[in-house]
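Visitor: The structure follows.
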Amino acid sequence: MKMKTIIKSLLSTFALVFIFIPNVNADGHSYTIDASNVSQYADMLTEGEKKMFEAYSDTYKINVSKAEACNVPADVMARSTSNGTMINDNEGIEVENSGQIPFPNPTEAQHYMWNARMMAGVQSNIVRFVTITNVDSSGNITVGEQETNIIFPAHEENVGKYEEGLFALFMQKNNSPARVKGVTVLVHDYIDSYENPRRAWSYAPATRRVRRAPDITYDTLVNASPLIVVDQYGTFNGAQDKYNWELKGVKKMVVPAVSNQLGDNPLETTHGVGHLNMDYVNYAEREVAIIHATLKDGQRHLYDSRTFYISTDSNYIVSQDIYDGQGNLMRHAINTEATNVAGVSCTIAAEMTFDFATRQYAGNSMIGKAINSQPALYNGPSKDVSFYTPDGLRRYAR
């Protein structure tokens, strides 16, 4: 009788183990969420993810894997010894050490937003030939390419070479599709947009002239896509003054993660109807800060409110839910990460935006060996200061 009790106890223990430790599927995923079991994971899903299951119940799924490490570089962590201070109505920051995470111990909504924005600056410079995609409701793909040069003057390798207060110098030329070929943009983006609002210039082949472009801010549509506005680049960039910001909490959720295979396969394979082929997108249970931005009274923006999900391991915005003026969820956006790009331990590798009304979606700043004409180069030789000037724009665009 005693032996039977012991055996029964052991069997119960094994049963508990199998309940609480998910089996790893043959494809390497821990588990898959689809229309049949989505309600079981509702508390760990964003509103946008739930809407994707509702809109594409027959084809949409989320493969959840163990989170691959995508952390802040060790040298950046070492200099991030204390929180900075937000100044000028939170449109600027002061930090103790150049190149640090602004708020290593975030307690406010905009602390997380500042951390996400400044993460790009952990690189000294970037040269990328990135792919853009626009997919209609039938799955037809329009493909484009942008040649992008970015330098981050606040990086320790660049301090003293450029105008003080600059966050990024950005030059981007459209190589395709044909309707925007040759259109080139130069942006001087400052850390403190209160003291120094963004300055921008554009070159159009039709006029062969360089002109100031003060509208390259906020919700101006980008040239390459009808679904992406300027301050959606990188999921959010630039001034934060149009919104009230609220920290909704920090919790573990199922969100996008490292998906090297998305850029390692042709677009015809990874892009489906209504959404990506989800076999090429990895998700993971990750701790995220949930930040909700609501448009201030008297302000105008295409996006009335937005919810950002910022990973606490990498400080990247990995997902965004976008609402219109009637409070309807109009778009869902995700950022995937990559760890196989030369010169960098981890980076955002694709920014995808899904529109529920039109059932179209767009890919922005996509990088990968199967989809780019040239590989991305991080922390390579820096271009001369003169490159990032209106005269430099004119020479480069022609």
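The values are calculated or read from the model by the stated rules, or taken from the named source; none is laboratory data. Quick caveat, the model's predicted, so the values are computed rather than measured. Using ideal geometry, Cβ is built from the backbone for each residue, glycine included, and neighbour counts are taken over all protein chains shown. Areas reflect the complete protein model, heavy atoms only, side chains present, ligands, DNA and RNA absent. Shrake-Rupley method; radii C 1.70, N 1.55, O 1.52, S 1.80 Å.
Visitor: Tell me the carbon and sulfur percent of the accessible area for the chain, rounded to whole percent, probe radius 1.4 Å.
Guide: 51 percent
Visitor: Still on this structure: Along the charge dipole of the range 238-280, pointing to its positive end and built from +1/-1 on Cβ of Lys, Arg, Asp and Glu, which listed residue (Val273, Ala239, Gly263) has its Cα farthest out?
Guide: Among Val273, Ala239, Gly263, the one farthest towards the positive end of the dipole of the range 238-280 is Ala239.
Visitor: Give, as ranges by residue number, the residues of the range 83-112 whose backbone N falls under 16 Å from the point 7 Å along Cα→Cβ of Met77.
Guide: So the set is 100-106.
Visitor: Roughly speaking, what is the centre-to-centre gap between the range 293-342 and the range 64-112 when only Cα atoms are used, to the nearest Å?
Guide: So the separation of the two Cα centres works out to 19 Å.
Visitor: Oh, and also: How much accessible area per residue does the chain have, counting only protein heavy atoms and a probe of 1.4 Å, in square angstrom?
Guide: Per-residue value: 46 Å².
Visitor: What helices does the chain have that are whole DSSP H segments, at least 24 Å long along their own axis by Cα, and with mean Kyte-Doolittle hydropathy of -1.0 or more?
Guide: What comes out of the filter, once short or polar helices are dropped, is 2-20.
Visitor: Still on this structure: Note the full-extension length gain between Asn244 and Thr207 as 0.36 nm times their separation in residues minus their Cα-Cα distance, in nm to one decimal.
Guide: 9.3 nm
Visitor: Which is farthest toward the positive dipole end of the chain among Leu186, Ile228, Ala206, measuring Cα position about the Cα centre, with Cβ charges +1 (Lys, Arg) and -1 (Asp, Glu)?
Guide: My answer, from the dipole projection, is Ala206.
Visitor: With unit charges on the beta carbons (Lys and Arg positive, Asp and Glu negative) and the dipole taken about the Cα centre of the range 315-398, which residue among Cys346, Val318, Ala357 sits farthest to the positive side?
Guide: The residue sitting farthest along the positive end of the dipole is Cys346.
Visitor: Scattering from the C-alpha atoms of the range 198-311 alone, worked out with Debye: what is log10 I(q)/I(0) at q = 0.15, 0.17, 0.20 1/Å?
Guide: -0.94, -1.07, -1.17
Visitor: Also: Please report the orientation-averaged projected area of the range 217-259, defined via the convex hull of its C-alpha atoms, in nm².
Guide: Value for the range 217-259: 4.9 nm².
Visitor: So what's the range 176-223 giving for Cα Rg divided by 2.2 N^0.38 Å, two decimals?
Guide: 1.28
Visitor: Suppose every Lys and Arg Cβ carries +1 and every Asp and Glu Cβ carries -1, with no other charges. What dipole size does the range 291-398 come out with about its Cα centre, to the nearest 20 debye?
Guide: 440 debye
Visitor: Using unit Cβ charges (K, R positive; D, E negative) and no other charged atoms, how large, in debye to the nearest 20, is the dipole of the chain about its Cα centre?
Guide: That gives a dipole near 720 debye.
Visitor: Calculate the all-directions average of the projected area of the range 77-180's alpha-carbon convex hull, and give it in nm².
Guide: 9.5 nm²
Visitor: Kindly give the semi-axes, whole Å and largest first, of the ellipsoid equivalent to the range 26-148, taking each as the square root of 5 times a Cα gyration tensor eigenvalue.
Guide: In descending order the semi-axes read 35, 22, 17 Å.
Visitor: Summing -39500 (n - 2.57) over the DSSP H runs of n ≥ 4 in the chain and dividing by its residue number, what mean residue ellipticity at 222 nm do you reach, to the nearest 500 deg cm²/dmol?
Guide: It comes out at -4000 deg cm²/dmol, rounded to the nearest 500.
Visitor: Calculate the dipole size of the range 95-202 relative to its Cα centre from +1 charges on Lys and Arg beta carbons and -1 charges on Asp and Glu beta carbons; express the result in debye to the nearest 20.
Guide: So the magnitude is around 520 debye.
Visitor: Next up: Please compare each pair in Lys251/Lys369; Lys66/Lys369; Lys173/Lys369; Lys161/Lys242 to a cut-off of 27 Å on the Cα-Cα distance and tell me which ones are over it.
Guide: The pairs that break the limit, which is 27 Å between Cα atoms, are Lys251/Lys369; Lys161/Lys242.
Visitor: For the range 245-320, what is the Kirkwood estimate of the hydrodynamic radius, computed as the reciprocal of the mean inverse distance between distinct Cα atoms, to one decimal in Å?
Guide: Computed over the range 245-320, the radius equals 14.3 Å.
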